[in-house]
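Laboratory data are not the source of any read-out in this text; all were calculated from the coordinates shown. Since we're looking at a predicted model, the values are computed, not measured. Positions of Cβ are generated from backbone atoms using ideal geometry, with glycine treated the same way; all protein chains shown enter the neighbour counts.
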Amino acid sequence: MDLLLSLIAGAIGGNVAGGLVPRFNLGLMINSFAGVLGGALGGHALGLLGFGGLAQTAPDSAALDPTALTTQLAAGGLGGGACLLAAGLLRNLLTR
C-alpha cells in the first residue's frame, strides 16, 4: 500500500511542480510519469533511511498510523516534484 500511495502522491507532486514552475512544465502525461517515477524513488529512499512508512506499522493494527501516512505522502510528493524539475531542467539544457 505504501508504494501505491507514493506513486499517486508522486503524480500529484509532479503536476503541482509543473504548475508552479511553468518553465519546467512538460505536459500532463510527462509530468505524471516523471512524478510517478520520482514518487517511487522518494518512497523507497524514505524506507532506506528508516523513517516510518506504512510498511513499518504493526501488522496487527487495525488503523493506519497518521504520521506514517503523512510521511509516505510527503516523500512521494516531494520526490515526484523533484524528478519533474530535474527532467524539465534536462530538457531545457538539451534544447539550447
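Quick notes on this one:
- Computed from the Cβ-Cβ distance with R0 of 25 Å, the FRET efficiency linking Leu49 to Leu26 stands at 0.30.
- Folded to 0 to 90 degrees: helix 66-94 orientation relative to the chain principal axis, Cα: 20 degrees
- To the nearest ten degrees, helix 28-49 and the longest principal axis of the Cα atoms of the chain are 40 degrees apart.
- The chain: angle of helix 2-20 to the longest principal axis, Cα-based, in degrees nearest 10: 30 degrees
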